[in-house]
Amino acid sequence: MTSSTNIALVTGGTGGIGKEINRRLLADGYKIVAADMTVPEELSGKQDPEQPEGVLLYRMDVRDSESVDACIAFCVSQGRLKTVINCAGLLRHGEIEDVTDDALATVWDVNAAGATRVCRAASPHLTEGASIVNISSITGRVGRMRGGSMYGASKAAMEAFTKYLAVEFAPRGVRVNAVAPGFIAVLPMSPSMRFIAHADNDQDALAWCQAQSPMGRTGRPEEMAGPVAFLVSDDASFITGHVLVADGGVAAV
Ligand SMILES: NC(=O)c1ccc[n+]([C@@H]2O[C@H](COP(=O)([O-])OP(=O)(O)OC[C@H]3O[C@@H](n4cnc5c(N)ncnc54)[C@H](O)[C@@H]3O)[C@@H](O)[C@H]2O)c1
């Protein structure tokens, strides 16, 4: 490790989309810290045995400030923390009378507050040229996803957070953007995703998702990596406070 090593922290880094972001940013020259609550204790801080050299795993829960702070300390021990991707997230469904306090608290704690905790901890280490990408969702932009109000509202909050932080960080040359995915085929689907998709199995849920898109298909997880890579690159050097919708046209309908 040298001080010229650029570190990209990817929260939710063992998930379907997170893994593809890891792969792409690794190819772009970063050393990756893939932080996730699923990382086994014994692998935390170690090379991911299933990934190419340069992807370190870290066990971290975005609901827990101490865990987040420790993860950021680990990142800066490995090089310059240049990029933070807030990809940790979870989906819970419920039409309004079925919304439980537990689901409500969890969704907001992980999706909205989680990204806030990570950015707060990372902030002192982000210097000119660094950038953040928050992974929101088109459910934060459209109202027609059945039972999606909790999740959609938390993702809309991430987008508002993105704009506020972009303004706060702009004077120091740190950019903050978001990518809003549409329906991305990460299987197996959660019960919440099946509910939103009016289906009780993955096949029917996929068919429903495909039908929502003018392109007639769901996205592939790797199709989220390119937009993220663009936003953190010098090609996007004048872009901040922006939400890049990557949804095959779903939100355009
Ligand atoms: N798949 C889609 O269609 C879709 C659409 C729009 C937005 N998104 C968003 O993209 C991101 C990635 O989703 P995905 O489809 O890869 O799902 P995924 O479940 O495979 O990945 C999410 C990851 O976040 C991790 N995570 C959840 N709670 C956490 C916590 N408290 N602390 C640390 N890690 C935590 C999970 O363990 C998981 O690895 C999420 O933020 C999701 O909301 C996904």
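Side notes on the structure shown:
- Rotationally averaged projected area of the chain (alpha carbon convex hull; nm²): 13.1 nm²
- For the chain, the mean residue ellipticity at 222 nm estimated from helices alone is -11000 deg cm²/dmol, where every DSSP H run of n ≥ 4 contributes -39500 (n - 2.57) and the total is divided by all residues, rounded to the nearest 500.
- Count Lys and Arg as plus one, Asp and Glu as minus one, and take only other residues whose Cβ is under 10 Å from that of SER136; the net charge is then +1.
- Placing a label point 7 Å from the Cα of THR127 along the Cα-to-Cβ direction, the residues of the range 1-36 with a backbone N closer than 12 Å are 3-5.
- Residue order, fewest to most beta carbons within 10 Å, for ARG24, ARG175, ARG217: ARG217, ARG24, ARG175
- Against the chain, whose longest principal axis is taken from its Cα atoms, helix 202-212 shows a tilt of about 90°.
- Residues MET193, MET224 arranged by fewest to most Cβ contacts within 10 Å: MET193, MET224
- Cα shape, the range 1-94, gyration tensor, a/c 1.5 rule: prolate
- Computed magnitude of the charge dipole of the chain (debye, nearest 20; Cβ of K, R +1, Cβ of D, E -1): 660 debye
- DSSP beta bridges in the chain [antiparallel fraction, %, rounded to 5]: 5 percent
- Rounded to 10°, Cα long-axis angle of helix 65-78 versus longest principal axis of the chain: 50 degrees
- For the chain, the longest principal axis of the Cα atoms and the long axis of helix 222-232 meet at an angle of about 50 degrees.
- Here the range 21-127 is assigned +1 on the Cβ of each Lys and Arg and -1 on the Cβ of each Asp and Glu. Its dipole about the Cα centre then comes out at about 780 debye.
- Among LYS163, LYS31, LYS19, sorting on how many other beta-carbon atoms sit within 10 Å of each Cβ, with the fewest leading, yields LYS163, LYS31, LYS19.
- Separation in nanometres of the label points that stand 7 Å from Cα toward Cβ, at THR5 and HIS242: 3.1 nm
Coordinate-derived values only; no laboratory data. From a predicted model like this one, the values you see are computed outputs, not experimental measurements. Glycine also receives a Cβ, built like all others from the backbone with ideal geometry; neighbour counts cover every protein chain displayed.
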